[in-house]
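Undergrad: Below: one structure in structure tokens.
The values are calculated or read from the model by the stated rules, or taken from the named source; none is laboratory data. Computed from a predicted model, the values in this text were never measured in an experiment. Cβ placement follows ideal geometry from the backbone for every residue including glycine, while neighbour counts extend to all protein chains displayed.
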Amino acid sequence: MARSKVTVIGAGNVGATTAQRIVESGVADVVLVDIVEGLPQGKALDLAEAAPVVGHDARIVGTNDYADTAGSDIVVVTSGLARQPGMSRDDLLAKNAGIVRSVVRAAVAVSPGAILIIVTNPLDAMCHVAMDASGFPRERVLGMAGVLDSARFRAFIAEELGVSVSDTHAFVLGGHGDTMVPLPRYSTVAGIPITELMSPERIAALCARTANGGAEVVALLKSGSAFYAPAASVFEMVESILLDRKRVLPCAVALAGEFGTHDLFVGVPVVLGAGGMERVMEIALTGDEQVAFDRSAAAVRELVATLASLG
Ligand code: APR
């Protein structure tokens, strides 16, 4: 049986690290694509030469030609400009929309059955661009944000309480950005809600750090933005789909009435399996949580409206 095939578009920090994680896990062959000649070829060759040491047989090739991506099961889109210090995600809107539109069109023309995972920021708006450019049903257009946001929250909770990250779960809803909605009552250590383990002040501080997680890394790096945690998060989604694990992961999906929201990509918990987004796990929100969710959704809607006005 042939190995699955994953195309990763964008051979920069996030794309190359994602390609490395996928190929070294052995779950799929990888095609790494970039607009810069030589970049994907060089990184792919380097990764292929690591294979004997790492001990996997998955293949990785680099290319500037979408013909090589034909028949992909999953297409991960990381191409775009990364956020620089002082630059908001929204500043990137028009530029990255053009890039995402063109790469998605080229990729889906040769992989019409693929599942798209969008990573390029501003994430929720880029998911709209990808859905529009691909014409795919909502089950096959996913945005990677919630896994990363909840990973950050988990890391901070585990550090605060001095416990294993493995026993720490976090629940984050909403758009990827300052308005994201961490849900402390569903964030747990070994099943115990953190509301029973930490003061409201400490929880608020960790929630704020989570919402600011991307900017904190950008400020330290001075040039470029986070890529290890984003790549690990994409890999978790890819693995759940290819192995049909049906993991329940927070992803940006086009809501169709769930959480009181229509026709908008917002981060919610979903079941990820061979069919892509197989089910939205809808939960009842408290009044305050629904207000925060609606505020987050409104921020995404505003971005989508700006995008439309830019043509
Ligand atoms: N087609 C293919 N590749 C492109 C195109 C295009 N039209 N335009 C840009 N790229 C490539 C660049 O050449 C570069 O190699 O996308 C890559 C982006 O890599 P980085 O600049 O290293 O950015 P990275 O840190 O990987 O972030 C990529 O993910 O998390 C988000 O906010 C982040 O939107 C950004 C994206």
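Undergrad: Modelled with pLDDT under 95, surrounded by 15 or more Cβ atoms within 10 Å (Cβ to Cβ) and within 13 Å of the ligand (Cβ to nearest atom): is that true of residue 225 in this structure? Break it down into steps so the answer makes sense when it comes.
TA: Values: modelled with pLDDT under 95: yes; surrounded by 15 or more Cβ atoms within 10 Å (Cβ to Cβ): yes; within 13 Å of the ligand (Cβ to nearest atom): yes.
When the stated conditions are applied, residue 225 passes them.
Undergrad: Hey, another quick one. Suppose we filter 83, 89, 101 for residues that are surrounded by 14 or more Cβ atoms within 10 Å (Cβ to Cβ), charged (D, E, K, R) and modelled with pLDDT of 95 or more; which single one remains?
TA: Numbers: 83 fails: modelled with pLDDT of 95 or more; 89 fails: modelled with pLDDT of 95 or more.
When all the criteria are applied, what remains is 101.
Undergrad: Of all the residues that make up segment 238-271, how many are in contact with a Cys (Cβ under 7 Å, 6 or more places away or on another chain) and farther than 18 Å from residue 295 by Cα?
TA: We begin by selecting, within segment 238-271, every residue in contact with a Cys (Cβ under 7 Å, 6 or more places away or on another chain); these are 252, 265, 267, 270.
Going one step further and asking which of them are farther than 18 Å from residue 295 by Cα, we end up with 270.
Residues flagged as in contact with a Cys (Cβ under 7 Å, 6 or more places away or on another chain) and farther than 18 Å from residue 295 by Cα within segment 238-271 amount to 1.
Undergrad: Let me ask something else about it. One residue is enough: does segment 83-106 have a residue meeting the conditions out of contact with any helix residue (DSSP H, G or I) (no Cβ under 8 Å at 6 or more places or on another chain) and more than 13 Å from the ligand (Cβ to nearest atom)?
TA: yes
Undergrad: Here's something else I'd like to know. So which residues in segment 242-256 are touching an Asp or Glu at 6+ places or on another chain (Cβ under 8 Å) and either within 13 Å of residue 147 (Cα to Cα) or not in a strand (DSSP E or B) (or both)? Walk me through it before giving the result.
TA: Applying the first criterion (touching an Asp or Glu at 6+ places or on another chain (Cβ under 8 Å)) to segment 242-256 yields 242, 245-247, 249-250, 252, 254-256.
Matches in segment 242-256: 242, 245, 246, 247, 249, 250, 252.
Undergrad: Does segment 264-274 contain any residue that is loosely packed, with under 15 Cβ neighbours inside 10 Å and more than 16 Å from the ligand (Cβ to nearest atom)? Give the derivation first.
TA: The first filter runs over segment 264-274 and keeps only residues loosely packed, with under 15 Cβ neighbours inside 10 Å, leaving 274.
Keeping just the survivors that are more than 16 Å from the ligand (Cβ to nearest atom) gives 274.
For segment 264-274, residues loosely packed, with under 15 Cβ neighbours inside 10 Å and more than 16 Å from the ligand (Cβ to nearest atom): present.
Undergrad: If we keep just the residues of segment 120-166 that are over 15 Å from the mean Cα position of the chain (by Cα) and part of a loop (DSSP other than H, G, I, E, B), which is farthest from the ligand (Cβ to nearest atom)?
TA: 162
Undergrad: Are any residues in segment 228-248 surrounded by fewer than 20 Cβ atoms within 10 Å (Cβ to Cβ) and under 11 Å from the mean Cα position of the chain (by Cα), and if so, which ones?
TA: Result: 229, 232, 236.
Undergrad: Any residue at all in segment 179-190 that's within 26 Å of residue 77 (Cβ to Cβ), of a type in the set (Gly, Ala, Ser) and crowded, with 20+ Cβ neighbours inside 10 Å?
TA: no
Undergrad: Still on this model: Can you tell me which residue is nearest to the ligand (Cβ to nearest atom) among those in segment 18-60 that are β-branched (Val, Ile, Thr) and buried (at least 21 other Cβ atoms within 10 Å of the Cβ)? Outline the logic, then answer.
TA: Here is the first cut: in segment 18-60, the ones β-branched (Val, Ile, Thr) are 18, 22-23, 27, 30-31, 33, 35-36, 53-54, 60.
Subsequent filtering for residues that are buried (at least 21 other Cβ atoms within 10 Å of the Cβ) retains 18, 22-23, 30-31, 33, 60.
Numbers: 18: 9, 22: 15, 23: 17, 30: 15, 31: 12, 33: 6, 60: 16 Å.
The residue in question is 33.
Undergrad: Would you confirm whether or not segment 171-186 contains a residue that is over 26 Å from residue 276 (Cα atoms), within 16 Å of the ligand (Cβ to nearest atom) and not aromatic (Phe, Trp, Tyr)?
TA: Yes, there is a match, as at least one residue in segment 171-186 is over 26 Å from residue 276 (Cα atoms), within 16 Å of the ligand (Cβ to nearest atom) and not aromatic (Phe, Trp, Tyr).
Undergrad: Okay, moving on. Tally the residues that are without any contact (Cβ under 8 Å) to a residue 60 or more places away in the chain and touching a Phe, Trp or Tyr at 6+ places or on another chain (Cβ under 6 Å), restricting the search to segment 202-232.
TA: Adding up the residues that qualify gives 2.
Undergrad: If you scan segment 182-202, which residues turn out to be under 24 Å from the mean Cα position of the chain (by Cα) and assigned to a helix (DSSP H, G or I)?
TA: 184, 185, 186, listed by residue number.
Undergrad: Right, another one. For residue 198, state whether it is surrounded by 15 or more Cβ atoms within 10 Å (Cβ to Cβ) and either within 24 Å of residue 279 (Cβ to Cβ) or within 16 Å of the ligand (Cβ to nearest atom) (or both).
TA: Numbers: surrounded by 15 or more Cβ atoms within 10 Å (Cβ to Cβ): yes; either within 24 Å of residue 279 (Cβ to Cβ) or within 16 Å of the ligand (Cβ to nearest atom) (or both): no.
Against the criterion (surrounded by 15 or more Cβ atoms within 10 Å (Cβ to Cβ) and either within 24 Å of residue 279 (Cβ to Cβ) or within 16 Å of the ligand (Cβ to nearest atom) (or both)), residue 198 does not qualify.
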